[in-house]
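None of the figures in this text is laboratory data; all of them are computed from the coordinates on show. Keep in mind that what you see is a predicted model, and the values were worked out from it rather than measured. Note that we place each Cβ from the backbone using ideal geometry, even for glycine, and neighbour counts take in every protein chain shown.
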Amino acid sequence: MSDKHVTIYAASWCPFCQRLIKGLDRTQTPYELIDVDNDPNAKEASEWVMSVNDGNRIVPTVRYSDGTTMTNPPASAVRAKLAELEA
């Protein structure tokens, strides 16, 4: 994970991922993006996603710098959590 507070595990084919990313980009919300299919560490990323989703490979899965996660959150929830982390 980078120095950003938000890491999004996503896939290019996922409409829910695209919606979340578009919503965050619209408000210039910072995040790190990891593509679970095409990242150099895609296998590890995919395994991590499954580890926090009861064995299911559900994207988008968001990891925060405090170690908490959200699965398929709306952009507003990500912005709210980011504000909490930056406070």
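With axes computed from alpha carbons, what is the tilt in degrees of helix 75-86 against the longest principal axis of the chain, rounded to the nearest 10 within 0 to 90? Between helix and principal axis, roughly 70 degrees. Its relative contact order, with pairs defined as Cα atoms under 8 Å and 6+ residues apart, puts region 20-85 at 26 percent.
Quick one: check the C-alpha center-to-center distance for region 3-35 versus region 66-87, whole angstrom. That distance is 12 Å. Taking the alpha-carbon distance from Lys4 and a cut-off under 18 Å, which aspartates and glutamates remain once sequence neighbours fewer than 8 residues away in the same chain are dropped? Hits, sequence-local ones excluded: Asp25, Glu32, Asp35, Asp39, Asp66, Glu84, Glu86. Residues whose amide H falls under 5 Å from that of Leu33, counting only those 5 or more places apart or on a different chain, are Ile8, with hydrogens built in the peptide plane.
Which of the listed residues, Thr68, Leu85, Ser12, is farthest toward the dipole's positive end in the chain, when Lys, Arg count +1 and Asp, Glu count -1 at the beta-carbon? Positive-most Cα among the choices belongs to Ser12. Placing +1 on each Lys and Arg Cβ and -1 on each Asp and Glu Cβ, with no other charges, gives region 6-80 a dipole about its Cα centre of roughly 340 debye.
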